[in-house]
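See below for the structure under consideration.
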Amino acid sequence: MSKIPDLHTHSTASDGTLSPAALVQRASAAGIETMALTDHDTVAGIDEAAAVAESVGVTLIPGVEVSVSWGGRTVHIVGLDLDTSCDALLQGLQGLQSYRVWRAEEISRKLAKAGYDGALDGARAYAIGGLVGRTHFARFLVERGAADDLRGVFKRFLVTGKPGHVAGEWTTLANAVGWIRAAGGDAVIAHPARYGFTRSKLKRLFAEFKECGGRGLEVVSGSHSRDDYFVFARHAAENGLLASAGSDFHGPDNPWIELGRLPALPDGCRPIWNASGFGRAAAPMGGLLAASN
Ligand code: AMP
Ligand code: MN
Ligand code: MN
Ligand code: MN
């Protein structure tokens, strides 16, 4: 049986550790037929990924993961099947990239106060594609012995209330969905279980998202538990959203799931890849999980 598409992955164009080419090669070796490259706030890796995808026979969906501020939190919106030459999209992403430059300087200043000098240069050394994120600071801090691993560094330095935390001031939900739609793409709410929203806040998010023209919800995600798959499959059905699936793979050394290990969507989900007709691996709906649960 063919594998379900993996519609959420990262490369060195943002905070992944594999180049776009190496990522696609690894996905191909793992048996993935359809995948999206969805780097944070940039589409810079798409051309390289698409060229390799074509040569190895993988269907590459051009994507992005847009940083949004909503409800006092950072929410990630994945855009799929984009025209990466769309001006509205590129200008929007450019604004987020500029904010990242400012935020990186701010994080670096804060870390200096906490006793870690040179964090900006240290983080930049890991940011191969030029876009700096917290993961790059985390790698620098691990190198400096601030904690044993990325998780430990995030917990002690980079999340709310910690010495290197800067509250994100990203774009609005309406802007993010608008740019994605302007580029002919489909907007999907990434890893909804990660935000810690109450049921009523989730309802509000889904309603606003749909009002803006959003279409999908990541039901199966590398950062979801098995229970989450079913909880969000129900949310998708109740709120008229299509279901998406993505590993959120950041590289072989990252804590998230490995490529090619995504389970099928739970029964009753409407897969976004069928509804939108991208990819050729129109996997049968659900079955596996539901049967073994
Ligand atoms: P940024 O968009 O620069 O604020 O960074 C967000 C990224 O940091 C996420 O996409 C993850 O890759 C990474 N991240 C967030 N929280 C953690 C964590 N607890 N452990 C490891 N990586 C994390
Ligand atoms: Mn990331
Ligand atoms: Mn994310
Ligand atoms: Mn991601």
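All of the numbers you see were taken from the coordinates with simple rules; none came from a lab. Just so we're clear, the structure is a prediction, and the values are computed from it rather than from any experiment. We place every Cβ from the backbone using ideal geometry, glycine too, and count neighbours over all the protein chains shown.
Taking the Cα centre as origin and putting +1 on Lys and Arg beta-carbons and -1 on Asp and Glu beta-carbons, what dipole magnitude results for the chain, to the nearest 20 debye?
Result for the chain is approximately 1020 debye, rounded to the nearest 20.
Taking region 1-119 on its own, what percent of its Cα-Cα pair distances exceed 17 Å?
60 percent
Return the sequence-ordered ³J(HN,Hα) values of region 51-58 in whole Hz as given by the Karplus equation 6.51 cos²θ - 1.76 cosθ + 1.60 applied to θ = phi - 60°, using x for Gly and Pro.
5, 5, 4, 4, 6, 9, x, 9
Given contacts defined as C-alpha pairs under 8 Å and at least six residues apart, what's the relative contact order of the chain, whole-number percent? If you can, show how the numbers build up before the last one.
Values: 616 pairs, mean separation 63.2, N = 293.
After rounding, I find 22 percent.
Could you name the lysines in cross-link range of LYS210, using Cα to Cα under 27 Å and dropping any fewer than eight places away on the same chain?
LYS201
Can you return the lysines within cross-link range of LYS113? Criterion is Cα-Cα under 22 Å, with same-chain partners fewer than 8 residues away left out.
Of all the lysines, those that pass the test against LYS113 - Cα under 22 Å, at least 8 places apart if same chain - are LYS155, LYS162.
Name the trypsin sites (Lys or Arg not before Pro) in region 58-130 that are in a loop by DSSP and that have at most 14 other C-beta atoms within 10 Å, would you?
Details: sites: ARG73, ARG100, ARG103, ARG109, LYS110, LYS113, ARG124; in loops: none.
Filter output for region 58-130: empty list.
Rounded to the nearest 10 degrees, what's the angle between the helix 87-113 long axis and the longest principal axis of the chain, both from Cα atoms, 0 to 90?
So the inclination is approximately 40 degrees.
What are the semi-axes of the equivalent ellipsoid of region 46-88, taken as the square roots of 5 times the eigenvalues of the Cα gyration tensor, listed largest first and rounded to whole Å? Let's see the in-between values first.
Details: eigenvalues 151, 27, 10 Å².
They are 27, 12, 7 Å, listed largest first.
Quick one: THR198, THR74, fewest Cβ neighbours within 10 Å first, how do they rank? Before the final figure, lay out each step's value.
Values: THR198 9, THR74 15.
Fewest-to-most ranking of THR198, THR74: THR198, THR74.
Considering the dipole of the chain built from charges on the beta carbon (Lys and Arg +1, Asp and Glu -1) around the Cα centre, which of PHE197, LEU242, ALA119 is farthest to its positive end?
It is PHE197, whose Cα lies furthest towards the positive end.
Which three numbers, in whole Å and largest first, are the semi-axes of the equivalent ellipsoid of the chain derived from its Cα gyration tensor as √(5λ)? Provide the component values of the computation, followed by the final result.
Values: eigenvalues 170, 89, 73 Å².
Semi-axes, largest first: 29, 21, 19 Å.
Take the alpha-carbon centre of region 186-253, take the same for region 121-176, and report the distance between them in whole Å.
When both Cα centres are located, 23 Å separates them.
What is the order of SER14, SER225, fewest Cβ neighbours within 10 Å to most? Don't skip to the answer; put the middle values down first.
Numbers: SER14 27, SER225 10.
Result, fewest neighbours first: SER225, SER14.
Have a look at the DSSP beta bridges in the chain and tell me what percent are antiparallel, nearest 5. Don't jump to the answer; show the numbers that get you there.
Details: 12 of 28 bridges.
Close to 45 percent.
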